[in-house]
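The values are calculated or read from the model by the stated rules, or taken from the named source; none is laboratory data. As the structure is a computational prediction, the values presented were derived from the model and not from experiment. Don't worry about glycine lacking a Cβ; one is built from the backbone with ideal geometry, like all the others, and counts go over all protein chains shown. Heavy atoms of the whole protein, side chains included, go into the accessibility calculation; ligands, DNA and RNA do not. Shrake-Rupley method; radii C 1.70, N 1.55, O 1.52, S 1.80 Å.
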Amino acid sequence: MAGFILKNAQIINEGKTFTGSVWVEEAFIKGIYTGELPAETAGCKVVDATGKWLLPGVIDDQVHFRDPGLTHKGDIFTESRAAVAGGVTSFMDMPNTNPQTTTLDALENKFRRASEASLANYSFFFGGTNDNMDAIQSLDRSRVPGLKLFLGSSTGNMLVDRKEALEKIFSESGMLIAIHAEKEEVIKRNIARYTQQYGDNPDITFHSKIRSEEACYASSAEAVELATRLNTRLHILHLSTAKELTLLDNAMPVSDKQITGEVCVHHLWFTDEDYATYGNRIKWNPAIKQRSDRDALRQAVIDNTIDIVATDHAPHLLSEKEGSCLKAASGGPLIQHSLQAMLDLASQGIFTYEKVVEKMCHYPADLFRMERRGYIRPGYYADLVLVDPTQPMTVTSGNILYKCGWSPFENYTFPHTILKTFVNGQEVFSKGKVNEEIRGMEVRYKTNK
């Protein structure tokens, strides 16, 4: 097969922006050229990318696609369809489904389902519990990005709250541990305090007071102490406070860091001032906090204290988002618009476009030691995104692809449009239309470090 050429694009890759062409053959990038194309490309189809930006596909390390068991909210097909429409070509799904991904059988069932339904490349975290160490030690480490622990409130048996279980997992799992860090005792104490003062149904403005800076920092600090003492690779998900940043450093390269951190798009975009406008639509755990926290998180992205940007994509029906801050479901859909939101922040001068690519494409691949993804390089999988920087795009109910049917960005106009997305060299999205016949691949991880 001769493949195709994406010709004369503005390529944003590895800290540089330059005009070039990319030759794709079958699933892989064959070559990158800044001048004349070689003679052997003569038979290739040419896609004129003049004036467009070409990026590596986005890798989202934290999604909740609700499959299996919660598929009225979303499923692997619908949410991966939304992902590729937003330039996300690989995802790592979390284990709090029904059944939970805490057994080897449940994990295999997810892989099987994704092979049948996912338009993007797929991967699944395994869930740690108080009593599943045998299953953890039996995992094929080349197939899972890491172990997910909930150190704050969660459902069923997904809350790891026994000290001896935590010590055993941190000392004996031998793999990266990703955590949701909110201290349950602090949250319960805050609930008692605010319900006593303001009644049993406090509104959304109390959410960040109940799931407070103290709740986040106390849990994150305990996990860092454990990881440091037991020499464990620790990844702190969805950082939301300035104080937690004191637990991290900006030593490089990211693949050599023992303690790493992720921030989600909503914590870089919204503040607690926005509760008045958006209400429960921006209710997440951990909570969106003060402007000073958001600004510190932005700076941490710039100076590499925070390593990657993701979504925590967690769809709920709008009916499930109703009620007080104690009753409304936490989480929201983001994956279709995460790249556009970050490019928008770059257009405002908050980040550079190269930094966006670094945090959403390069560093997730490096941190998790993914096989041949995250970069535009010869020999790497052709996971690519073509962006039109001159065509604004307004989010409407008619172009939202989430199964839940809504977005916190509804009616907002982004300055850039995702024009095309390629997954393993296949054009899965083009000019607003998804090729629903395409299927992604299982992501693989290097295990030699």
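Can you report the number of residues in the range 46-66 which are over 30 Å from Gly20 (Cβ atoms) and either open to solvent by 10 Å² or more (accessible area, probe 1.4 Å) or not in a loop (DSSP other than H, G, I, E, B) (or both)?
Initially, the range 46-66 is screened for residues over 30 Å from Gly20 (Cβ atoms), giving 62-66.
Add one more test, that the residue is either open to solvent by 10 Å² or more (accessible area, probe 1.4 Å) or not in a loop (DSSP other than H, G, I, E, B) (or both), and what stays is 62-64, 66.
The total comes to 4.
Can you tell me which residue is farthest from the chain's Cα centre (by Cα) among those in the range 86-119 that are among the hydrophobic types (A, V, I, L, M, F, W, C) and surrounded by fewer than 24 Cβ atoms within 10 Å (Cβ to Cβ)? Give the steps one after another, and end with the answer.
Let us first name the residues in the range 86-119 that are among the hydrophobic types (A, V, I, L, M, F, W, C), namely 88, 91-92, 94, 104, 106-107, 111, 114, 117, 119.
If we keep only those that are surrounded by fewer than 24 Cβ atoms within 10 Å (Cβ to Cβ) too, we end up with 104, 106-107, 111, 117.
Numbers: Leu104: 23, Ala106: 22, Leu107: 19, Phe111: 18, Ala117: 19 Å.
Selected residue: Leu104.
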Name the single residue, out of those in the range 270-290 being open to solvent by less than 40 Å² (accessible area, probe 1.4 Å) and hydrophobic (A, V, I, L, M, F, W, C), that is nearest to the chain's Cα centre (by Cα). Trp284
Only residues that are open to solvent by less than 80 Å² (accessible area, probe 1.4 Å), out of contact with any Ser or Thr (no Cβ under 6 Å at 6 or more places or on another chain) and not aromatic (Phe, Trp, Tyr): list them for the range 204-216, please. Ile204, Thr205, His207, Ser208, Ile210, Arg211, Ser212, Ala215
How many of the residues in the range 238-266 are part of a loop (DSSP other than H, G, I, E, B) and crowded, with 24+ Cβ neighbours inside 10 Å? 3
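Quick check: is even one residue across the range 152-161 within 27 Å of Ser407 (Cα to Cα), modelled with pLDDT under 95 and surrounded by fewer than 17 Cβ atoms within 10 Å (Cβ to Cβ)? Show your work before the answer.
Initially, the range 152-161 is screened for residues within 27 Å of Ser407 (Cα to Cα), giving 152-155.
Checking which are modelled with pLDDT under 95 leaves us with 152-155.
Narrowing the set further to residues that are surrounded by fewer than 17 Cβ atoms within 10 Å (Cβ to Cβ) leaves 155.
Checked against the condition, which is being within 27 Å of Ser407 (Cα to Cα), modelled with pLDDT under 95 and surrounded by fewer than 17 Cβ atoms within 10 Å (Cβ to Cβ), the range 152-161 yields at least one hit.
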Tell me, yes or no, whether the range 123-132 has at least one residue that is part of a loop (DSSP other than H, G, I, E, B), hydroxyl-bearing (Ser, Thr, Tyr) and in contact (Cβ under 8 Å) with a residue 12 or more places away in the chain. yes
Contacts under 8 angstrom Cβ, first residue in the range 184-212 being farther than 18 Å from His267 by Cβ and in contact (Cβ under 8 Å) with a residue 12 or more places away in the chain, partner open to solvent by 80 Å² or more (accessible area, probe 1.4 Å) and assigned to a loop (DSSP other than H, G, I, E, B), 6 or more apart: Glu184/Asp161; Asn201/Lys327
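Restricting to the range 429-449, give me the number of residues that are part of a loop (DSSP other than H, G, I, E, B) and among the hydroxyl-bearing types (Ser, Thr, Tyr).
Narrowing the range 429-449 to residues part of a loop (DSSP other than H, G, I, E, B): 431-432, 435-441, 443-444, 446-449.
Of the ones still in play, those that are also among the hydroxyl-bearing types (Ser, Thr, Tyr) are 447.
Going through the range 429-449 one residue at a time, the tally reaches 1.
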Which condition number in (1) assigned to a helix (DSSP H, G or I); (2) free of Cβ contacts under 8 Å to residues at least 60 places away in the same chain; (3) buried (at least 18 other Cβ atoms within 10 Å of the Cβ) is the one that Phe170 fails? (2)
How do the pairs read when you match residues in the range 20-46 that are closer than 11 Å to Pro378 by Cβ and touching a residue at least 60 places away in the same chain (Cβ under 8 Å) with residues anywhere that are among the aliphatic types (A, V, I, L, M) and open to solvent by 10 Å² or more (accessible area, probe 1.4 Å), using Cβ under 7 Å and keeping only pairs 6 or more apart or on different chains? Val22/Ile32; Glu25/Met1
On the basis of being under 19 Å from the mean Cα position of the chain (by Cα) and within 19 Å of Val58 (Cβ to Cβ), does Glu442 make the cut? yes
Out of (1) open to solvent by 10 Å² or more (accessible area, probe 1.4 Å); (2) closer than 25 Å to Glu354 by Cα; (3) polar (S, T, N, Q), what's the single condition that is false for Thr311? (1)
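Given the options Leu367, Leu384, name the one that is out of contact with any helix residue (DSSP H, G or I) (no Cβ under 9 Å at 6 or more places or on another chain), closer than 17 Å to Asp60 by Cβ and of a type outside the set (Lys, Arg). Break it down into steps so the answer makes sense when it comes.
On the way: Leu367 fails: out of contact with any helix residue (DSSP H, G or I) (no Cβ under 9 Å at 6 or more places or on another chain).
None of the other options fit; the residue is Leu384.
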Please go through the range 84-119 and give me each residue that is more than 29 Å from Leu151 (Cα to Cα) and of a type in the set (A, V, I, L, M), ordered by number. Val84, Ala85, Ala117, Leu119
Among Glu40, Glu79, Glu36, Glu108, which is the only one that is in a helix (DSSP H, G or I), acidic (Asp, Glu) and modelled with pLDDT under 95? Glu40
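Listed residues Ser319, Ser330; which is free of Cβ contacts under 8 Å to residues at least 40 places away in the same chain and within 26 Å of Pro95 (Cα to Cα)?
Details: Ser330 fails: free of Cβ contacts under 8 Å to residues at least 40 places away in the same chain.
Selected residue: Ser319, the only one of Ser319, Ser330 that is free of Cβ contacts under 8 Å to residues at least 40 places away in the same chain and within 26 Å of Pro95 (Cα to Cα).
Residue-wise test of (1) assigned to a strand (DSSP E or B); (2) touching a Cys at 6+ places or on another chain (Cβ under 8 Å); (3) in contact (Cβ under 8 Å) with a residue 40 or more places away in the chain.
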{"residue": "His362", "(1), (2), (3)": "no, no, yes"}
{"residue": "Arg373", "(1), (2), (3)": "no, no, yes"}
{"residue": "Val385", "(1), (2), (3)": "yes, no, yes"}
{"residue": "Gln391", "(1), (2), (3)": "no, no, no"}
{"residue": "Asn399", "(1), (2), (3)": "no, no, no"}
{"residue": "Lys403", "(1), (2), (3)": "no, no, yes"}
{"residue": "Asn411", "(1), (2), (3)": "no, no, no"}
{"residue": "Thr421", "(1), (2), (3)": "yes, no, yes"}
{"residue": "Glu427", "(1), (2), (3)": "yes, no, no"}
For the range 298-315, indicate whether the set of residues that are touching a His at 6+ places or on another chain (Cβ under 6 Å), in a loop (DSSP other than H, G, I, E, B) and farther than 22 Å from Pro364 by Cβ is non-empty. no
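Answer with yes or no whether Glu116 is modelled with pLDDT under 95 and farther than 22 Å from Thr311 by Cα. Give the derivation first.
Numbers: modelled with pLDDT under 95: no; farther than 22 Å from Thr311 by Cα: yes.
No; evaluated as a whole, the condition is false for this residue.
Search the range 217-237 for residues being hydroxyl-bearing (Ser, Thr, Tyr) and either more than 27 Å from Pro333 (Cα to Cα) or out of contact with any Asp or Glu (no Cβ under 9 Å at 6 or more places or on another chain) (or both), and hand back the single one that is least open to solvent (accessible area, probe 1.4 Å).
Of everything passing the filter in the range 217-237, Thr232 is least open to solvent (accessible area, probe 1.4 Å).
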